[in-house]
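Note sheet for the following structure.
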Amino acid sequence: MTIKVLIVEDDPMVAKFNRHYVEQVQGFEFAGWAASVDEARKLLAGLKVDLILLDIYMPRTSGLQLLSSLREQGSVVDIIVISAASDNASIRKALQLGAVDYLIKPFEFARFQAALSAYQEDYMLMKHREHLSQEQLDKLLRHSTGTEEDKSGALPKGLTEGTLESIWSTIQKLESPVFSTEEITAEAPISRISVRKYLTFLTEAGVLEMEISYGAVGRPVYMYTVTASGHEIIAAYI
């Protein structure tokens with residue numbers, strides 16, 4: 001099942017990057033872009049979407065006003081706020097109005113990917129079950145409140161200690177402290193998709209820091225460096 005996404009963002013370049021990010025995550029489909037709240041309302045009148053990526057700082061009308069009016073109309077469309085607004089009042093208001101996540105600009109792709117992955121898991125759970133067990137509900141509530149699971153050193157499902165150790169060993173052997181997915185793939189006998197999965201995990205865990213570099217053709221290249229505490233953090237996993 002594909003999750004259709006509407007981007008409400010007044011900056012065309014940011015909207016373009018967000019669209020690119022959405023299209024990088026399997027199971028999501030870009031459904032449209034609105035540069036203002038008024039445009040968003042017109043699109044929503046004739047467009048079926050599951051998720052809105054909503055900026056708060058919009059021309060003329062705040063994104064929070066759109067969120068408030070949607071709730072007043074009884075709309076159940078889900079909202080992830082992506083905004084430079086980091087004040088307590090804006091964050092509190094967005095969460096009170098039912099935003100399922102809140103990303104403060106600028107953010108890393110790994111955080112964006114984590115937000116969509118958590119949302120997708122919750123979305124599928126709610127779509128396919130009429131009743132939830134306490135365990136399923138607890139997991140859903142942890143996602144919606146942003147509570148992290150206890151970090152006991154256990155790897156996420158699908159990751160293995162052996163492969164993680166191989167990738168970490170490769171990172172240690174690289175001559176440059178700044179590296180890309182392709183550089184790891186060239187040195188380790190692991191597929192590019194798998195390498196990206198592990199690098200995303202290491203970024204989320206705080207072992208790596210990621211920055212986006214734009215080449216001559218304008219395509220983003222994800223560059224990684226080991227954080228100051230990376231060596232201490234990785235010790236809990238390998």
Exercise. Can you pick out the pairs among LYS173/LYS197; LYS16/LYS173; LYS16/LYS157; LYS4/LYS93; LYS48/LYS197 whose Cα atoms lie more than 27 Å from each other?
Worked result: LYS16/LYS173; LYS16/LYS157; LYS48/LYS197
Problem set entry | Phi to ³J(HN,Hα) by Karplus 6.51 cos²θ - 1.76 cosθ + 1.60 over region 52-61, Hz, x for Gly, Pro | 10, 9, 10, 8, 8, 7, 10, x, 6, 10
For this session: Assign unit charges at the C-beta atoms only (+1 for Lys and Arg, -1 for Asp and Glu), then state the dipole size of the chain relative to its Cα centre in Debye, rounded to the nearest 20.
Result: 640 debye
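Can you compute the equivalent ellipsoid semi-axes for region 1-43, i.e. the square root of 5 times each eigenvalue of the Cα gyration tensor, sorted largest first and rounded to whole Å?
19, 13, 4
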Seminar exercise, completed: Eigenvalues of the alpha-carbon gyration tensor of region 3-144, times 5 and square-rooted, give semi-axes in Å, largest first, of 23, 17, 16
Exercise. What helices does the chain hold that run 24 Å or longer along their axis, going by alpha-carbon atoms, with a Kyte-Doolittle average of -0.5 or more, using DSSP H for the helix calls?
Worked result: 109-128
Exercise. What is the dipole size for region 161-235, taken about its Cα centre, with +1 at each Lys and Arg Cβ and -1 at each Asp and Glu Cβ, in debye to the nearest 20?
Worked result: 280 debye
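Taking Cα atoms of the chain, Rg/Rh with Kirkwood Rh, to two decimals?
0.99
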For this session: Using only Cα atoms, figure out Rg for region 161-235 and give it as a multiple of 2.2 N^0.38 Å.
Result: 1.05
Exercise. Longest segment of the chain with no GluC sites (Glu not before Pro) in a DSSP loop having at most 11 other Cβ atoms within 10 Å?
Worked result: 1-129
Exercise. Where does the longest stretch of the chain lie that holds no trypsin sites (Lys or Arg not before Pro) found in a DSSP loop with 16 or fewer other Cβ atoms within 10 Å?
Worked result: 158-238
Seminar exercise, completed: Once Lys and Arg are counted +1 and Asp and Glu -1 for all other residues with Cβ under 13 Å from that of SER36, the total becomes -3
Seminar exercise, completed: When the charge dipole of the chain is computed with +1 on Lys and Arg Cβ and -1 on Asp and Glu Cβ about the Cα centre, the Cα farthest towards its positive end, among ALA99, ALA115, LEU208, belongs to ALA99
Problem set entry | Percent accessible area from carbon and sulfur atoms, the chain, protein chains only, probe 1.4 Å | 51 percent
Seminar exercise, completed: So TYR57 and HIS231, fully extended at 0.36 nm per residue minus their Cα-Cα distance, gain in nm 58.8 nm
Seminar exercise, completed: Scalar couplings 3J(HN,Hα) for region 25-34 by Karplus 6.51 cos²θ - 1.76 cosθ + 1.60 (θ = phi - 60°), nearest whole Hz, x for Gly and Pro, are 9, 4, x, 10, 9, 5, 10, x, 9, 10
Problem set entry | In order through region 100-105: 3J(HN,Hα) via Karplus (6.51 cos²θ - 1.76 cosθ + 1.60), integer Hz, x for Gly, Pro | 7, 7, 9, 10, 9, 6
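Summing -39500 (n - 2.57) over the DSSP H runs of n ≥ 4 in the chain and dividing by its residue number, what mean residue ellipticity at 222 nm do you reach, to the nearest 500 deg cm²/dmol?
The helix contribution divided over the chain gives -14500 deg cm²/dmol.
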Seminar exercise, completed: The set of residues whose placed amide H lies less than 5 Å from the amide H of ILE79, leaving out same-chain residues fewer than 5 positions away, is ILE52, VAL100
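The values are calculated or read from the model by the stated rules, or taken from the named source; none is laboratory data. Not measured: the values here are computed from a predicted model. For neighbour counting, all protein chains shown are included, and Cβ atoms are generated from backbone atoms with ideal geometry for every residue, glycine included. Only protein heavy atoms, including side chains, enter the accessible area calculation; ligands, DNA and RNA are left aside. Shrake-Rupley method; radii C 1.70, N 1.55, O 1.52, S 1.80 Å.
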